[in-house]
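K.L.:
Can you read through this structure? Questions will come right after.
The values are calculated or read from the model by the stated rules, or taken from the named source; none is laboratory data. Note that the coordinates shown come from a computational prediction; the quantities given were computed from them, not determined experimentally. Every residue, glycine among them, receives a Cβ derived from its backbone with ideal geometry; neighbour counts consider all protein chains shown.
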Amino acid sequence: MSTATLPQHHHWKLELIEGIVLILLAFAAVFMPLRLGVTLFVWLFLIGGTMGLATTFMMRDAPGFVWSLVSAILAIATGLVLVFIPELAVVGFPLLLMAFLVLEGLVTIMLALEHWRQLSGRWGFMLLSGIVDLSLAAFIVLGLPSTASWSFGLILAVNLFFGGGAMIAMALAKRGD
């Protein structure tokens with residue numbers, strides 16, 4: 001039996017911590033209107049992505065390693081794009097956020113399906129998180145330009161909240177295995 005098919009009892013605490021950090025970042029994002037500057041959003045992407053990257057490598061034998069790695073790199077890359085191309089942050093933030101949510105939603109759905117194939121518990125929460133991300137991207141497209149001034153903090157908060165909630169649910173399921 002390979003290590004990839006063994007229960008992941010010892011990783012549940014890392015997933016729980018990552019989920020809690022994502023939810024704390026979600027609460028921070030709610031109160032960050034775009035007019036305060038995109039810099040604060042950059043930090044949310046970088047902190048969330050770095051935390052995800054660290055826990056992904058610590059849990060590299062868990063189901064969905066590649067999808068978790070892609071998700072973390074996507075968040076870090078989005079933050080770095082905003083750092084190194086600040087003009088894009090000012091002009092194209094809605095499009096960048098929409099692209100991030102579409103890609104993150106697809107990656108999260110693939111991660112959920114990987115967990116489903118491995119018969120790990122509560123993969124449905126991960127699937128829901130991916131569907132929510134795709135719905136948020138649609139909200140951006142349908143709501144622009146009227147939502148541009150107020151919605152991005154809330155959209156990012158919902159993304160982080162559902163992602164963190166899925167991590168917590170999966171961690172608690174592993175704790176009981």
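K.L.:
Just wondering, is there one or more residues in the range 99-109 that are more than 22 Å from GLY79 (Cβ to Cβ), surrounded by 17 or more Cβ atoms within 10 Å (Cβ to Cβ) and not β-branched (Val, Ile, Thr)?
P.N.:
no
K.L.:
Okay, moving on. Answer yes if at least one residue in the range 103-113 is at pLDDT 85 or above and more than 21 Å from ALA138 (Cα to Cα), and no otherwise.
P.N.:
The answer is yes, given that some residue of the range 103-113 is at pLDDT 85 or above and more than 21 Å from ALA138 (Cα to Cα).
K.L.:
Taking the condition of being more than 23 Å from MET51 (Cβ to Cβ) and either touching a Leu at 6+ places or on another chain (Cβ under 8 Å) or not β-branched (Val, Ile, Thr) (or both), how many residues in the range 73-97 meet it? Show your work before the answer.
P.N.:
So in the range 73-97, the residues more than 23 Å from MET51 (Cβ to Cβ) come out as 85-88, 90-92, 94-95.
Going one step further and asking which of them are either touching a Leu at 6+ places or on another chain (Cβ under 8 Å) or not β-branched (Val, Ile, Thr) (or both), we end up with 86-88, 92, 94-95.
Counting residues in the range 73-97 that are more than 23 Å from MET51 (Cβ to Cβ) and either touching a Leu at 6+ places or on another chain (Cβ under 8 Å) or not β-branched (Val, Ile, Thr) (or both) gives 6.
K.L.:
Could you go through the range 31-42 and let me know if any residue there is over 13 Å from ALA75 (Cα atoms), modelled with pLDDT under 80, among the aromatic types (Phe, Trp, Tyr) and over 18 Å from the mean Cα position of the chain (by Cα).
P.N.:
Of the range 31-42, the ones over 13 Å from ALA75 (Cα atoms) are 31-40.
The next check asks that each one be modelled with pLDDT under 80; those that pass are 31-40.
Cutting the leftovers down to among the aromatic types (Phe, Trp, Tyr) gives us 31.
After this cut, where a residue has to be over 18 Å from the mean Cα position of the chain (by Cα) as well, the list is 31.
Yes, because at least one residue in the range 31-42 is over 13 Å from ALA75 (Cα atoms), modelled with pLDDT under 80, among the aromatic types (Phe, Trp, Tyr) and over 18 Å from the mean Cα position of the chain (by Cα).
K.L.:
Return the residues of the range 73-104 that are within 15 Å of the chain's Cα centre (by Cα) and either under 21 Å from SER135 (Cβ atoms) or in contact (Cβ under 8 Å) with a residue 40 or more places away in the chain (or both); say none if nothing qualifies.
P.N.:
LEU74, ALA75, THR78, LEU96, LEU97, MET98, ALA99, PHE100, LEU101, VAL102, LEU103, GLU104
K.L.:
Taking the stated definitions as given, is ALA157 out of contact with any Pro (no Cβ under 6 Å at 6 or more places or on another chain), closer than 17 Å to PHE41 by Cα and either part of a helix (DSSP H, G or I) or modelled with pLDDT under 85 (or both)?
P.N.:
Considered against the rule, which asks whether it is out of contact with any Pro (no Cβ under 6 Å at 6 or more places or on another chain), closer than 17 Å to PHE41 by Cα and either part of a helix (DSSP H, G or I) or modelled with pLDDT under 85 (or both), ALA157 comes out as yes.
K.L.:
A further question follows. Only one residue in ILE23, ILE17, ILE76, ILE47 is modelled with pLDDT of 75 or more, in a helix (DSSP H, G or I) and over 15 Å from GLY164 (Cα atoms). Which one?
P.N.:
ILE76
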